[in-house]
1. How shielded is B:93-105 by partner chains, expressed as the average number of their Cβ atoms within 10 Å of its Cβ atoms?
2. How do the peptides A:247-253, A:31-37 rank, highest first, by the average count of neighbouring beta carbon atoms within 10 Å per residue?
3. What list of ³J(HN,Hα) couplings, whole Hz, do you get for the range B:17-25 from phi and the Karplus terms 6.51, -1.76, 1.60, once you set θ to phi - 60° and write x for glycine and proline?
4. Enter the accessible area per residue of the range A:381-468 (Å², integer; probe 1.4 Å; all protein chains in place).
5. Probe radius 1.4 Å, ligands and nucleic acids left out: can you give me the accessible area buried at the A-B interface, summed over both chains, in Å² to the nearest hundred?
6. Sort A:176-185, B:177-186, B:105-114 for me by packing, meaning the mean count of neighbouring Cβ atoms within 10 Å per residue, highest on top.
7. Along the charge dipole of chain A, Cβ charges K/R +1 and D/E -1, which of A:VAL385, A:GLY446, A:THR206 sits furthest on the positive end?
8. 222 nm [θ] for chain A, helices only, -39500 (n - 2.57) per DSSP H run of 4+, per residue, to 500?
Amino acid sequence: MSESVIKQSQPRTLFEKIWEAHVIAPYGVDRSLIYIDRHFLQETTCFEAFGRLRTEGLRVLSPGQTFGVIDHSVSTAAGRNADSYPPTAPWIKAMQANCEEFGVALLDIDDARQGIVHVVAPELGIALPGMSFVCGDSHTATCGGLGAWAFGIGTSQVGQVLASQALFLSKPKTLRINFTGVLAPAVYAKDMILAVIGRYGTAAATGYAVEYAGEAVRALSIEGRMTVSNMSVEFGARSGFVAADDTTFQYLADRPFAPKNAAFDAALQVWRTQSSDDGAVFDREIDLDCSTLEPQISWGTSPQDVIGVSTPVPDPDKAPDRDRRQMMLKSLDYMNVRPGRTLLGTPIDVAFIGSCTNGRLSDIEEAARIVRGRSVAPGVRAVVVPGSTTVKRQAEALGLHHVFRAAGFEWRESGCSMCVSGNGDFVPAGQRSISTTNRNFEGRQGRDARTHITSPAMVAAAAVTGEITDVRTLAMK
Amino acid sequence: MIPFTRLTAVAAPLMRDNIDTDAIIAARSMEGGVRPLGPLVFTNWRLDEFGMERPGFVLNQDRFRSAAIMVAGRNFGCGSSRESAVWALMQYGFRAVVAPSFGDIFYENALQNGLVPVRLPLEQVEHLAAALQGGVPPLITLDLEACAITGPDRSNYSFNFDPERRRALMLAKDDFALLQEQLTSITAFHTERCLREPWLFQRLTLS
């Protein structure tokens, strides 16, 4: 008790404030019992969790704090239902049955608010600043864009949260990334986070909770902040977040399930305290100047294999050590790209716009700007999967679906689709895809599929030229 | 979950960094309902597009086929949080992974299932991997109680392990029951939090 009183007079980081607000008690040698405010389920990681509850004869402890959505394995074809992609029908039906049996509110396939969990939770106001928020999915960090402490958990921990509304956790260290400068035209939030991962590597933040700060982050919309937070796990961090500010509060004022009126005012008072104090000490700090950033794109099979679009693919012979050289050779071989040259002009087969990283309205609007009046290049399959049914409806209200369809894009229903390729949407073996997603691992989008991850504008540009293109040259036409 | 104290077993070296959970088990392995995951582990590396074994892959070599310990590079299990990566490894027969580092979520998932994740410095892991390719049977002894590893060449290594998590592995306990024991304090905390931040607990009806 006295220890926490002493702590409060010292400057604290945002993460320390949120962590301490959720500690029920210390536990064991290194862990604490942590309270979970809200829990979102997705259908591919809770089947065994519900099974565990059943085996133990338990109910969901707090159904009011638990939500579910079907996103990963559902078809994105028009008129889709649980049976549209037969291989995953058993999982979808199990999800529907489990949520019904255990009294968990489910955004089912035909719900007007259905979508990818990390798009839906913020847009509905279910994720809020300062909240501890979990989901059985590594991209749960996305909700950190709203100032929530949001992190991914495995199916065992999903079961534990269902049964106890708490977890035992070790306290991560703190890392602050200060993004300075002003983004140049055609450079976006996606480029900011790709640049960080490219520079610091895929394990740089393992064991850390990351705070994204600085003028360039402040200047981002909430959707942009979510893009940044989304990829926290790609450089090792389980959670990453942006302190809530007026941009956040304006965003939340409109959300169906955010507090309203007097409750909103009360929440605001608490939310305004949720930022790092001046003089707070982080275990590590990184600075990144955004003003010189160009559009980023991956060349290899790890999210750390990132270059600026006008930078040549790195030479393995110049790798810092033998291990890195071996990894680079494997990646170059898998991806069939040449070191020493830029990626510009590399023909693509598939262009995908969607995912919890870049499937929101602003992403679709940016892509539409490039696509308008142009056509998908011959031989290219171009696909837009809006991040949620709400986003789809909003885009259609702006006529964006006409823009994409006129150009030759498929305009599909909402779901994770080709990001994880667990629903029948995939990139065929040997084909090259350019994608607004977050992972370019071997086989991620399909066995032997080759993936380049980048911003929506860059994907749109490649879709209409048929090859990897510097979107800045296209926009000038 | 099976208790783990001490194991002497064949160890397979897979010395790549950043082995992600998509490589360990693809999302498509979900298809068709619950099924054995062991045959699906490392599918794209084990099998070619015709379903034939790739002779170069370590688990396809008779020497390593029955491995129960994996020796791997840095950042093992990075990427997706899918716990099926742990299940697939265990259903294949693995009981432990030795690597310089692990993805955070994978590490936690491993502990919750009884797959023992041991961290050793890179040079020591590389030494072990090299010794496994040597002339002697590729056996490693992993003693969780003593926090010690003996290589096939009789080299000895000690490792650190959180004593509480180690005890849980030795007793085959995940956190589920331990959390249930905390329900009184969890409920008390909940009540207090409802008073301090009531907007978090307003009943949201989605219908």
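The values are calculated or read from the model by the stated rules, or taken from the named source; none is laboratory data. This structure is a prediction, so every number in the text was calculated from the model and none was measured. Because the Cβ atoms are built from the backbone with ideal geometry, glycine has one as well, and the counts that use them run over all protein chains shown. Accessible surface is based on the protein model in full, side chains and every heavy atom, while ligands, DNA and RNA are left aside. Shrake-Rupley method; radii C 1.70, N 1.55, O 1.52, S 1.80 Å.
1. Numbers: counts 0, 0, 0, 0, 0, 0, 0, 1, 4, 2, 7, 15, 10.
Counting other chains' Cβ atoms within 10 Å and averaging over B:93-105 gives 3.
2. Numbers: A:247-253: 17.3, A:31-37: 21.3.
Top of the packing list down: A:31-37, A:247-253.
3. Coupling constants for the range B:17-25: 7, 6, 5, 8, 6, 5, 5, 5, 8 Hz.
4. Details: 2060 Å² over 88 residues.
Here the per-residue accessible area is 23 Å².
5. About 6100 Å² of accessible surface is lost on pairing.
6. On the way: A:176-185: 17.1, B:177-186: 15.4, B:105-114: 24.5.
Packing order, densest peptide first, comes out as B:105-114, A:176-185, B:177-186.
7. Farthest towards the positive pole: A:GLY446.
8. Numbers: 18 runs with 163 residues, N = 477.
The helix-only estimate for chain A comes to -9500 deg cm²/dmol at 222 nm.
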